[in-house]
Each structure stands twice: as C-alpha cells, then as structure tokens.
Amino acid sequence: MAIETTTLLRWPDPDVAHLALLRSANVETLVLAQANPAFSEASSRAGMQTVLAAELPPAVTDGLWPGVRRGLSRRAREVEVASASSEPWVDANGYLVAFHRALKPAQPVLLAYEANEKAGVKPDVDTPFGTVELALVEARVTGGNFVLDLPQRFRERLLAADPKAIEAWQSLGKTTAWLKQNATLFGHPVMPEITALVEPGAPTREIANLLHRRGASPLLKNATEPVHAEKGALAIVAAGLKEIPAACFSSAEAGAILVIDRPAPNSAKLIRQEADRAFYSLGAGKVVAYNRRIADPSEFAMDVIDLITHKRRATRLWNVLSAIPLATAGQRAGEALLHIVNYGSPATEEFQAHIQGHFSKATLLSPEKTSMPLKTVRRGSSTEVFVPSLRRLAVVRFSN
C-alpha cells in the first residue's frame, strides 16, 4: 500500500451493503476498528482492501477539522466574509505535513484526526459535507495523505441518500481520482523566499502554522540538521528555537535577513530600535531580533512578510480571503507550481495571483475543469495570472 497516494476511509459500520457506495468515491482502503474477515473478503471482491486502524503507520492525530471558523454560528461555516474590516479565520492543516516532513524526511506523513470529538468538533455541529474533501486536498497538496473520516451527520445523510450528501460524495470521488492521476504535481520543494527552521515542540510548530495560514508559503527545514541558506532565501526565521544554529548567522552575513527572538551577536551593528525588536546589520545581511519570545505568531507572520516585502514574497493572492497558496518547484527544471486551496465558499469571479519568477506560460489544472492556458504578465520579479474561478483546489503550472 502506497500510503502517500492511497485513498483511505475510516468506516465504523462493516456492512457489505455499503461497499458499492464506498467504492463509488474511489476509496481504495477501508480502515476498521476491529477485524471482520467476512467484510474484508467482501471488500476485496469489491476492489477495496481493509486495514485495522492499529496497523496504520504512525499518524498525526492532533489536527483541526479544516474550514472557515465562524465562532458560535452553525449556519454558514463555509460562507466567506469579505470586507475591509473582517476576514474569515481558517483552520488548516497543510503546515502539519510540511512540519513533520521537515523533522522526519524519510517518513511519510499521514494525517488521521477525526471529524467528531477528537478534532474538536462535536458530533451535532453542522459541519459542511465538503470539508471531508477539503481535508484530503490540503494533505495531498503538501505531499502527505489523510485518513478520510465522515462527520456523523454526513454519514447518516449519505446512507439515507440525501441529495446534498450524495452530491458531496460524488465530488469527493471525482477529486480522489484527480489527485491520484495528478500525484506528481504535489510534494515538491517549496520556494525558499521565507525559510523557517523547526524543531519538535509547540513554539516553532505554531510559527510554521501561521506563516502557512498567512500565505507566506514558507519552506520548513529541520533546525537540528546542517543549516544553509537555500538559493533564493530572503529571510530565515529562527524564532522559537531552543538554540539558534551558528550557520544562521553565516547566512545573514551572506545577505539574508535572519529573524530571531534572542539577542543579536556582538558582531552585529545596531541600525534602529523599535518597541518590540531591534534591527542590526551583519555582513551583507541583517538580523531582526525580537525582545522576547513570539507571543502572537499571526502578527509575527505578517512582520516576516513585510521584511521581505510583498513584491518579493513567493506568492500572493488577491480577493480570495479563504484561500491559502503554496508555491513550489515544478516537475521539471525551470517550472514552478502554484497550489491554491480554498477553505471557504467557491470564488465565482476571477482573482489575481502572483508567483515569484518570470514565466511565459501558465496552465490551470483543477478537479473541476479541463486544463486551460492562462495569460501571463510580468510584474517586477513576479509573474501575474488571473484565475477565472476557484471551488476547492487550483494548481497553476508555470513554465517557459
């Protein structure tokens, strides 16, 4: 079983009458709580295998059920809010794949948080059916996988042939097939403009989370491994670490911006002092030293983007507040990929997207439509395209 690309579904009711329905969503492996030889044999005949939950590889189980958080509102968890003073808050888990891949590169990352109580969502909450598909998309885009789990209400409505549940199930099946067919699009190295060092523990994990959530498209690297600045790295984030690797300061001397929450080295020269941080020059680069540990990772993520400037960030979106972008290398040399995952309601109007680098061609790929060319325009050091719409996932392949 190729754990990175196999479609797994946790199914609590081993009833052979359900098998045709489960197979219709291109489910390949059913995850059972207890062994059931008769059900496993019937599943095999239906083209699916079974595995016990206890037999799965080590999995990440502390994710949040993805989507737009609406506080106490139960009515429209997916409805996007777009105004000058309000933006949706997104619960996303793609950073978890990148975080755990950085810590253990040789180990596939399997997300296995559940739709009900273990993921902080009570069974009676009106969780949108489409968030099951979303959970799979966000995991696959970053090179991991997700054990599909249906909220109780979704499972009940699906078995009762509710039209909305059936529609969401069919959409899931279409997306699972597309993700498998296009698996080579995912898991490529992230553009290094903002490189964040991580280690086991909450501080760097939460910084990675908010850098991802704020659309900084961070490259995460293991702080315990030999550290060197990737070509193209503008900022190296070493905040939240127990100890800052000496090589980080060498990267600053070579021209990068080093962001820390410890005192700067004595060799650094003070440029200016602000209320919460100080700026120093060090060789050809800079050190930005915060006075204390990072208390607000969300605000800190915006600070880091400001340090490299919006013009030089890896990617940027306009007017899709519930979408998170990720810019990576492409399948071939000279290509780049822009992955856009939408956590809210569909964007029915075109929106603007930039990726760092100059490209003459762009092709839009998505589970909902056939591939189509997009017009490219140079904007400073970036390339601009307009994406015509966005339901759940769009991938733009840039090339020359």
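Taking the conditions exactly as written (in contact (Cβ under 8 Å) with a residue 60 or more places away in the chain, surrounded by fewer than 19 Cβ atoms within 10 Å (Cβ to Cβ) and over 17 Å from the mean Cα position of the chain (by Cα)), does residue 163 satisfy them or not? When the stated conditions are applied, residue 163 does not pass them.
Here are 327, 336, 314: which of them is under 22 Å from residue 175 (Cβ atoms), crowded, with 22+ Cβ neighbours inside 10 Å, of a type outside the set (Ser, Thr, Tyr) and in contact with a strand residue (DSSP E or B) (Cβ under 8 Å, 6 or more places away or on another chain)?
Going through 327, 336, 314 in turn, just one is under 22 Å from residue 175 (Cβ atoms), crowded, with 22+ Cβ neighbours inside 10 Å, of a type outside the set (Ser, Thr, Tyr) and in contact with a strand residue (DSSP E or B) (Cβ under 8 Å, 6 or more places away or on another chain): 327.
Among (1) modelled with pLDDT under 85; (2) over 25 Å from the mean Cα position of the chain (by Cα), there is one condition residue 81 misses while meeting the rest; what is its number? Only one criterion is unmet by residue 81, namely (2). The strands (runs of 3 or more DSSP E) falling completely within the range 174-270 that include 1 or more residues that are buried (at least 17 other Cβ atoms within 10 Å of the Cβ), of a type in the set (Val, Ile, Thr) and not assigned by TED's automatic domain parsing to the domain that holds residue 355 map to 194-198, 235-237, 257-260.
Residue by residue, here is whether (1) modelled with pLDDT of 95 or more; (2) hydroxyl-bearing (Ser, Thr, Tyr); (3) not assigned by TED's automatic domain parsing to the domain that holds residue 135 holds:
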site	(1), (2), (3)
16	yes, no, no
22	yes, no, no
31	yes, no, no
39	yes, no, no
43	yes, yes, no
53	no, no, no
67	no, no, no
73	no, yes, no
76	no, no, no
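For the range 1-60, the set of residues classified as charged (D, E, K, R) and assigned to a helix (DSSP H, G or I) consists of 23, 41, 45, 55, listed by residue number.
In the range 357-364 there is at least one residue matching the filter, namely being among the hydrophobic types (A, V, I, L, M, F, W, C) and closer than 27 Å to residue 168 by Cα.
Only one of the numbered conditions (1) touching a strand residue (DSSP E or B) at 6+ places or on another chain (Cβ under 9 Å); (2) outside any strand (DSSP E or B); (3) more than 21 Å from residue 366 (Cα to Cα) is not met by residue 147, and that is (2).
Exactly one residue out of 224, 176 is under 25 Å from the mean Cα position of the chain (by Cα), among the polar types (S, T, N, Q) and more than 29 Å from residue 137 (Cα to Cα), and it is 224. Taking the criterion of being closer than 27 Å to residue 165 by Cα, in contact (Cβ under 8 Å) with a residue 60 or more places away in the chain and surrounded by 13 or more Cβ atoms within 10 Å (Cβ to Cβ), would at least one residue in the range 34-52 satisfy it? No; the residues of the range 34-52 include none that is closer than 27 Å to residue 165 by Cα, in contact (Cβ under 8 Å) with a residue 60 or more places away in the chain and surrounded by 13 or more Cβ atoms within 10 Å (Cβ to Cβ).
The values are calculated or read from the model by the stated rules, or taken from the named source; none is laboratory data. Here the structure is a predicted model, which is why all the values come from computation and not from measurement. All Cβ positions, even for glycine, are placed from backbone atoms using ideal geometry, and neighbour counts span all protein chains on display.
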